[in-house]
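Structure record follows, encoded as structure tokens.
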Amino acid sequence: MVGQQALTELAKRRGFFFGANEAYGGTAGFYTFGPEGAALKRNVESAWRERFTLRLGNEEIEAPTVMPEPVFEASGHLDGFDDMLIECAECGESHRADHLIEDAVADIEDAEALGVDRVEELIREHDLACPTCGAALSGEPVEDFNLMFETSIGPGSGQPGYLRPETAQGIFVEFPRLKEYARGQLPFGVTQIGPAYRNEISPRRGIIRVREFTQAELEQFIDPEEDEPPLEDVADVEVTLYPASEQNADDGDYIQTTIGEAIDEEIIGSPWVAYFLGVAQGWYERVGVDMDRFRFRQHLAGERAHYAADCWDAESEVGGNWIEIAGFAYRGDYDLRKHGEHSEDRFTVFKRYDEPKTVERATVNPDMSALGPEFGGAAGDVADALQELAESDPDAFDSNEVTVDVDGESYTIDTDVANFSVEEQTENGEHITPHVVEPSFGVGRTVYTLLDHAYSEDTVDDETRTYLSLAPEIAPTDVAVFPLVGDDDLVTTADDVADELRAAGLSVSYDDSGSIGRRYRRQDEIGTPFCVTVDHEGLEGDSEPTVTLRERDSASQLRISVADLAAELEAVLAGDGTFADLQDRYERVDTDVTTA
RNA sequence: GUGCCGGUGGUCUAGUGGUAGGACCUGAGCCUUCCAAGCUCAUGGCCCGGGUUCAAAUCCCGGCCGGCACACCA
């Protein structure tokens, strides 16, 4: 196991990531990905896109990071994302004011909804004390802290906006158009990879908890009554589960099972969530997460977000701690329903019935030439109220007069004027609000996990060697090319080989400095899976030139002709064969190197 | 946000009220035909601001950044 300190040091020194704006003292919670880190992150994103967008037949979008205030009124982030903090004057501890009240006052369960002033009052009335030191908190100010970054759109006072706290909202808000694009057919999925922002009170633990981070999210829109995931694709996938029941039990333990069994035994409630856990398991394994340090943990009841009906996290163990690297939430119809209520657009899809239905519907057709002169500006509202009444209580129209309330005023109308009737109508279907299943991945945390799990040390010729055993698919550099020594003919050939490999689309690093061993170590430390060395032996005689090809983890080499090199490397990097396969087909080089 | 500890070349680190030394790295050269070798030379540093002092990188205060603990993490 590697400590956070050693990994952070390597990350800084080798250009994976480092604190941003250090020239100006640094900014807590913001990191820059250096050349190696940016390449690694890009490769992780590509692998995610390949699996969760392309392979699943979904579509990817790119929405703005700044969104106007009403979006977050609808999503609940403006209220639900607030923390009410109160600070003890005696010991300086900060506490959640709303939690204090919920604990102390029996009949208040959601103190957050009460507002700052009322919460301050309640603390006075109940004479609440600091849980840490016991000093009275009465009279201390309660501060609202919203975790969203606020900004202002346009000049002057502008309109208030926020940096999105999750990429998901960019997908939900555009649902009306995305639905059109999907031709109104459920199920369909939309993905987005991009930055999200949370103004954390206290960023911690390096890159693990930051204020700007990259999310890769899939919003799967489904008809909850009809759509089922292709569970047969993942039924046999083995997973390590840590359900809420086990977390609560004294002797709770992990459950090793398959996705199929977990559904049969109702450990995972939602088949869709289970499906995505299965897909994710395979993906994490592929990009290089150590599956012995990986688990799916179910959220405890009190832990769930305001939108989530059931939620599982993917967690990895890094530096001895478990961190969340993805969340799988069944969000129900919460998001689309809310945006539908708050905006002018329709966040529904039309679901056709198998057979058209004939229904009796009570309607009114009010004589507006009578209502208008009588009620003036209220006439339109009265007409609407009559229609509502017709639907909810048609019997009200049996008598001669009917009364409706509009804004607290009562209006009484002759029933004749309302033109009440019951008509038979044909309904071909209904508008339903889709449910949403959301796999949401933290890209930065995944990158950190991969570095942690790839970090290795061994001994080569009695010297300690540090190397990153990254999956070839996601390693920042595919291959490094060296001339064994600085002779002109070796340098020229090595240059040509590097150029040829670049032309084949590989990410190539060229290095002719210092001793060959030093150059191998450099590449080991950034996880480059292969090194190609041009030596005199390979250029001797009239036969085709050859080079040595070295594999990172074993440090073993084989001799291969330059003509075959690009194609063989491409195949291995694409996961089509391994270095061991090449060893069977090409001459091994005895290097006298011993690894232990 | 609170408490404790810390901040010296790219990285790691020694050190003192009189402006700094090492190791590794990096660059140039010599040597070198496969794993951080050796030799020569070179580049490069006291987090920021204020105070005390003849003099502050050193002491004091504040800020910023980092680590740990608490709180927080929808």
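The values are calculated or read from the model by the stated rules, or taken from the named source; none is laboratory data. It should be emphasised that the depicted structure is a prediction, and the values quoted were computed from it without experimental measurement. Quick reminder, even Gly has a Cβ in these numbers, built from the backbone with ideal geometry, and neighbours come from all protein chains shown. Only protein heavy atoms, including side chains, enter the accessible area calculation; ligands, DNA and RNA are left aside. Shrake-Rupley method; radii C 1.70, N 1.55, O 1.52, S 1.80 Å.
Here is a yes/no grid of residues against (1) farther than 28 Å from A:Leu450 by Cβ; (2) more than 40 Å from the chain's Cα centre (by Cα); (3) assigned by TED's automatic domain parsing to the domain that holds A:Ala580:
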{"residue": "A:Tyr467", "(1), (2), (3)": "no, no, no"}
{"residue": "A:Leu470", "(1), (2), (3)": "no, no, no"}
{"residue": "A:Ala494", "(1), (2), (3)": "yes, yes, yes"}
{"residue": "A:Ser507", "(1), (2), (3)": "no, no, yes"}
{"residue": "A:Tyr510", "(1), (2), (3)": "no, no, yes"}
{"residue": "A:Pro529", "(1), (2), (3)": "no, no, yes"}
Open item on the list: If I filter region A:434-449 for residues that are out of contact with any Phe, Trp or Tyr (no Cβ under 9 Å at 6 or more places or on another chain) and closer than 30 Å to A:Ile323 by Cβ, do I get at least one hit?
Closed with: no
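Only strands (runs of 3 or more DSSP E) wholly contained in region A:413-505 count here; list those with 2 or more residues that are touching a residue at least 12 places away in the same chain (Cβ under 8 Å) and open to solvent by 70 Å² or more (accessible area, probe 1.4 Å).
Values: elements: A:421-432, A:435-442, A:455-460, A:463-468, A:479-483.
By residue number, A:421-432.
Take A:Arg519 and decide whether it is touching a residue at least 40 places away in the same chain (Cβ under 8 Å) and among the basic types (Lys, Arg). Please lay out each step first, then the result.
Numbers: touching a residue at least 40 places away in the same chain (Cβ under 8 Å): no; among the basic types (Lys, Arg): yes.
Considered against the rule, which asks whether it is touching a residue at least 40 places away in the same chain (Cβ under 8 Å) and among the basic types (Lys, Arg), A:Arg519 comes out as no.
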Open item on the list: Looking at region A:534-552, I want the residues that are more than 26 Å from A:Tyr467 (Cβ to Cβ) and assigned by TED's automatic domain parsing to the domain that holds A:Val485 and have a partner that is open to solvent by 10 Å² or more (accessible area, probe 1.4 Å) and within 7 Å of RNA strand B (Cβ to nearest atom) with Cβ atoms under 8 Å, at least 6 apart or on another chain. Which pairs are those?
Closed with: A:His536/A:Leu484
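Taking the options A:Glu102, A:Glu121, A:Glu125, A:Glu60, name whichever one is open to solvent by 40 Å² or more (accessible area, probe 1.4 Å), in the same structural domain as A:Pro195 (by TED's automatic domain parsing) and modelled with pLDDT of 65 or more. Quick ask: steps written out before the conclusion?
Working: A:Glu102 fails: in the same structural domain as A:Pro195 (by TED's automatic domain parsing); A:Glu121 fails: in the same structural domain as A:Pro195 (by TED's automatic domain parsing); A:Glu125 fails: in the same structural domain as A:Pro195 (by TED's automatic domain parsing).
After ruling out the rest, the residue left standing is A:Glu60.
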Task: Unmet criterion (only one of (1) within 27 Å of A:Ala38 (Cβ to Cβ); (2) at pLDDT 95 or above) for A:Ala567 - done: (1)
Open item on the list: If I filter region A:190-206 down to residues being open to solvent by less than 10 Å² (accessible area, probe 1.4 Å) and in contact with a Phe, Trp or Tyr (Cβ under 7 Å, 6 or more places away or on another chain), which single residue comes out as farthest from RNA strand B (Cβ to nearest atom)?
Closed with: A:Thr191
Open item on the list: Among (1) open to solvent by less than 20 Å² (accessible area, probe 1.4 Å); (2) within 22 Å of A:Ala216 (Cβ to Cβ), there is one condition A:Gln298 misses while meeting the rest; what is its number?
Closed with: (1)
TODO: Looking at (1) open to solvent by less than 70 Å² (accessible area, probe 1.4 Å); (2) near RNA strand B (Cβ under 9 Å from one of its atoms); (3) outside any loop (DSSP other than H, G, I, E, B); (4) of a type outside the set (A, V, I, L, M, F, W, C), find the lone condition where A:Gln5 falls short.
DONE: (1)
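Evaluate region A:355-364: report whether one residue or more is open to solvent by 30 Å² or more (accessible area, probe 1.4 Å) and of a type in the set (S, T, N, Q). Can you show your working first?
The initial filter retains those residues of region A:355-364 that are open to solvent by 30 Å² or more (accessible area, probe 1.4 Å), namely A:355-361.
Narrowing further to those that are of a type in the set (S, T, N, Q): A:358.
Yes, because at least one residue in region A:355-364 is open to solvent by 30 Å² or more (accessible area, probe 1.4 Å) and of a type in the set (S, T, N, Q).
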Task: Residue among A:Ala280, A:Ala262 that is open to solvent by less than 10 Å² (accessible area, probe 1.4 Å), part of a helix (DSSP H, G or I) and farther than 28 Å from A:Pro472 by Cα - done: A:Ala262
